[in-house]
Structures are given as C-alpha cells and as structure tokens.
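K.L.:
Please read through the structure below; I'll follow up with questions.
The values are calculated or read from the model by the stated rules, or taken from the named source; none is laboratory data. This is a predicted model, so every value here is computed, not measured. Neighbour counts are summed over all protein chains in view; Cβ atoms, including those assigned to glycine, are modelled from backbone coordinates with ideal geometry.
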Amino acid sequence: MRKIILFLFAIAVFTNCNNSNNGVPVVAFADAFEDNTIAQAKQGFFDALKKNGYSEDQKTIEVIYRNAQGDIPKLALSIKYFISKKVTLIATNPSLSTITAVQNTKEIPVFMMVSPSPQLMNVVDASGNVPANLFGVGESLEYIDTSFSLIPKLVKPKDGKLKVGMLFNQSEPQSEEALKRIQQLATQLDVELVSLPVNSTADVQLVTQSLLTKNIDAFFANPDNTIFGSFETIVKACNNAKVPVFTSEAGLVSRGAVAAYGADIYQWGYQAGEQASVFLKNKNTNGLKWEMVKLRKRVFNPGAAKQYNIEIPANFEAVK
C-alpha cells in the first residue's frame, strides 16, 4: 500500500512539474509541413513577439513547436496536444493548421498566418460568423488578378492564343475558389486556361508532366498548400520544358518563379505576431479580430527572367 501511495505521489509531482511554466505564457506554434517559404512567416511571428518583449531567451514565454510534416492525422494530434497543455495561444501556419485548430478548440485564441480569409477556408458558421477565437492575419483572392494579368504582358504565345496551365487542389476550398476567379480573369484577358486537379503533393510530379504535354506557354502557381510543398518539383519540370512559372506568392520567386505580386511572407507572420503580442500584454482578446494582410510587393527573379528573355517592369524588386 505504501509503495502504491509513493508511486501515485511521484506521478502527481511529475505531472505538476511537467505542466508548470511559472506563470509564463505558453505559445504553441503549428506548422502543417516543412517549407522554406512559409518558414519565413514563423520567423516573422517570433521576431514580432521578441520586439514586444516575449521570447524564450528572455524567459518571458514558453514555446511548444510542432511540424506535422504534411501528415494530417499528426497535425490533428499536435493541436490536441496543445489543448491538453492548456496553452495560452496557438499560432497556425498555413491554412491547414488554422482549419485544424479552429475545428478542435473554441476557447484557446488562434492566431493564423499564410491563410486565406475565414470565408475562403469555410470555417464560418451558417450565418457567416467567424469563429470567436480566430485572430491573426488572412488574405483575399483579389491580389491574384494582378499576378495573373502580368502573364499576357510578358509572355508571347508560341502560336495563336496564349495558353496558361495551372494545378489546383480539389480538397482545399481556397484553391478551388482561386481557380474560379482565374477562369473568369482568363476569359476577360483572352487567355486559354488549362487546369488539372491534384489531391496531394504525391500527385504533383505526374500531373505537372501531363499539363506540360498540353503545349502551355506559361505556368501559374495557384496559392495553395500543395503548391507550396511541391514548388521545386514544379519549377524543375517547367524549366526542363522551357515554360516560365509565375505566381501570386512573393516568397516563391526566390525559389524559381519569374515574378509575383503578393504578400511578403515574413511580414505576414510579423503582422500576426504583433497582434498576438497585444493579446499577451492585455491578457484578453478585447478589440481584436482577424486582419487582412497589409504588405504586398512586386518581385522578380533575375535569373529566371534572363533564362526566358523576359523584360520585367521597373516597379518590380529583384530578389535572389
């Protein structure tokens, strides 16, 4: 009996020590997959926290980080682990993490980044209300128009009508919404759009190769998680076929796209971090709501532009 009591006591002490953070806020951060571009948002988020006095170095926050490596069940388990630890807030990057978080908790504040608007993620209720615990920074699809419209200005068709190819993820609502928007825009611009569906990153190489057999003049990288996770595969296939890649994500230009008009991924995370800092200071979410991304920029890849003899407008900034 005495041994059982001692054993239970030891468990209680261990549990208490394991859950104790001496009153320091616990910041949980969930990445859905490994990606150099979305990693910039994470850096921006924690830089904003540090600027406002919250960092592990200063012992003013405790950080719990999980990367699901593209495994959806693992992502769900990570979010549930955060909830079991009763963390102060959950930072989510990108949309898959955001959706998973708001599906699993209605109490812990969720600060999103590299995510579309709640409406595009289909996380609003029947009345169109955003989850009460969803904050951070999202994006609309309007900026895609500027990026896609750039293609007919810079790329000459091989013959006849300009033909642009793209992939879309059938399982991501924002990807399908982007496709609908681009289809309408292509019609207005007298561009032939050739689109093929993918279900996961595992499909991308084969479907990209299939798309390239359609004699496309350019490839447009639709802003979704599958494209982020498979971008090098897409760029390599397109370069081998001598097809330039354009995108609406500024962070993908340094990875091989010719040009883009879109959100600065680092600043996207930084903006979310600034909002999370307000919550940590005030210890409540009064007055907070999700925000639209503030900083977008026009960027181009000099190497890619030279490779395809494309003359970039003067108002675009070169990136390495």
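K.L.:
Applying the selection to the range 293-309, what residues are buried (at least 18 other Cβ atoms within 10 Å of the Cβ) and either out of contact with any strand residue (DSSP E or B) (no Cβ under 8 Å at 6 or more places or on another chain) or within 18 Å of ALA241 (Cα to Cα) (or both)?
P.N.:
Scanning the range 293-309 gives ALA304, ALA305.
K.L.:
The conditions are (1) touching a residue at least 60 places away in the same chain (Cβ under 8 Å); (2) over 25 Å from the mean Cα position of the chain (by Cα); (3) in the same structural domain as VAL243 (by TED's automatic domain parsing), and LYS281 fails exactly one of them. Which is it?
P.N.:
(3)
K.L.:
So PHE231 ticks every box in (1) part of a helix (DSSP H, G or I); (2) closer than 18 Å to TYR143 by Cα; (3) at pLDDT 90 or above; (4) among the aromatic types (Phe, Trp, Tyr) but one. Which box is left unticked?
P.N.:
Of (1) part of a helix (DSSP H, G or I); (2) closer than 18 Å to TYR143 by Cα; (3) at pLDDT 90 or above; (4) among the aromatic types (Phe, Trp, Tyr), only one is false for PHE231: (2).
K.L.:
Based on this model, can you work out whether GLY53 counts as within 19 Å of the chain's Cα centre (by Cα), surrounded by fewer than 20 Cβ atoms within 10 Å (Cβ to Cβ) and among the small types (Gly, Ala, Ser)?
P.N.:
no
K.L.:
Let me ask you something else. Among the residues of the range 47-82, how many are touching a residue at least 24 places away in the same chain (Cβ under 8 Å) and touching a strand residue (DSSP E or B) at 6+ places or on another chain (Cβ under 8 Å)?
P.N.:
14
K.L.:
What pairs come up if the first residue lies in the range 291-305 and is part of a loop (DSSP other than H, G, I, E, B), the second is at pLDDT below 95 and loosely packed, with under 14 Cβ neighbours inside 10 Å, and their beta carbons are under 7 Å apart, counting only those six or more places apart or on different chains?
P.N.:
That search, which allows pairs on different chains as well, returns nothing.
K.L.:
In the range 155-182, what residues are charged (D, E, K, R) and part of a helix (DSSP H, G or I)?
P.N.:
Matches in the range 155-182: GLU176, GLU177, LYS180, ARG181.
K.L.:
For the range 236-261, name all the residues that are among the small types (Gly, Ala, Ser) and either assigned to a loop (DSSP other than H, G, I, E, B) or at positive phi (or both). Working first, answer last.
P.N.:
Quick first cut of the range 236-261, residues among the small types (Gly, Ala, Ser) only: 237, 241, 248, 250-251, 254, 256-257, 259-260.
Hits for the range 236-261 are ALA241, SER248, SER254, GLY256, ALA257.
K.L.:
If you don't mind, there's one more thing I want to ask. Checking the structure you have, find out if any residue of the range 144-154 is among the charged types (D, E, K, R), assigned to a strand (DSSP E or B) and within 20 Å of the chain's Cα centre (by Cα).
P.N.:
Kept after step one, since they are among the charged types (D, E, K, R), are these residues of the range 144-154: 145, 153.
Subsequent filtering for residues that are assigned to a strand (DSSP E or B) retains none.
Among the residues of the range 144-154, not one is among the charged types (D, E, K, R), assigned to a strand (DSSP E or B) and within 20 Å of the chain's Cα centre (by Cα), which makes the answer no.
K.L.:
Also, I was wondering about something else. On the given criteria, is TRP268 crowded, with 22+ Cβ neighbours inside 10 Å and on the phi < 0 side of the Ramachandran plot?
P.N.:
When the stated conditions are applied, TRP268 passes them.
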